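Structure first, then comments.
The values are calculated or read from the model by the stated rules, or taken from the named source; none is laboratory data. Note that the coordinates shown come from a computational prediction; the quantities given were computed from them, not determined experimentally. Using ideal geometry, Cβ is built from the backbone for each residue, glycine included, and neighbour counts are taken over all protein chains shown.
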Amino acid sequence: MTALEPVLSLPGAVVTLQALASLAAILALAWLARKLQLGGDPRIASEAHARELADEALCGFDPETLGIDRAGIGAIARDRIGRVLLIRQHGCHFAARQLTSHDGVRLDGRFLTLSTDDPRFGKITLDLGDQAQVWAASLRRLGALRS
């Protein structure tokens, strides 16, 4: 019997070593994720950021009018030719869809709830403040443009 055998045979010591190794691995992965800037809670930080997201979604989409949610979770944009784009968080990125009708639009005070023709995109409620009513009224014309 060697001097290390009694220490290694203790179940408490083995469990402690496993716990410390697991903790070290978790901390290393957390450090790596932060270093690679993975995850997070993305927000639309500014009008310029919203314009960039709109152009990424639809190449050449140049918003003439923008409505950004107060918390930065989404935005709505209209270009010069009347196309309307809805931008929302999707995981740690943003997704966008073009609105083609006013069917999925609901106004509730300063909140505008929107949905697109794509059921996978889901609904989003934007806090647009005083601009919610202006956007709701302007979106009624989308159905008229399509007919």
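Observations on the model:
- Hits in region 59-95 - residues which are more than 16 Å from ILE124 (Cβ to Cβ) and either touching a strand residue (DSSP E or B) at 6+ places or on another chain (Cβ under 7 Å) or in contact (Cβ under 8 Å) with a residue 12 or more places away in the chain (or both): PHE61, ASP62, PRO63, GLU64, THR65, ARG78, ASP79, ARG80, GLY82, ARG83, CYS92
- Only one of the listed residues (GLY91, GLY39, GLY82) is at positive phi, surrounded by 10 or more Cβ atoms within 10 Å (Cβ to Cβ) and within 18 Å of the chain's Cα centre (by Cα). That residue is GLY39.
- Sub-7 Å Cβ pairs linking a first residue in region 96-117 that is within 11 Å of ALA136 (Cα to Cα) to a second residue that is modelled with pLDDT under 90 and in a loop (DSSP other than H, G, I, E, B), at least 6 apart or interchain, are HIS102/ARG140; GLY104/THR116; LEU114/GLY104, ordered by first then second residue.
- Across region 123-147, the qualifying residues are those that are surrounded by fewer than 13 Cβ atoms within 10 Å (Cβ to Cβ) and of a type in the set (Gly, Ala, Ser), and the one among them that is farthest from THR65 (Cα to Cα) is SER147.
- Any hit, region 95-118, residues being buried (at least 17 other Cβ atoms within 10 Å of the Cβ), under 21 Å from the mean Cα position of the chain (by Cα) and among the aromatic types (Phe, Trp, Tyr): no
- 1 or more residues modelled with pLDDT of 90 or more: qualifying helices (runs of 4 or more DSSP H) within region 28-147: 47-57, 131-139
Quick grid of which residues meet (1) within 30 Å of GLN37 (Cβ to Cβ); (2) touching a helix residue (DSSP H, G or I) at 6+ places or on another chain (Cβ under 7 Å):
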site	(1), (2)
ILE76	yes, yes
ARG110	no, yes
SER115	no, no
ALA132	no, no
ALA137	no, no
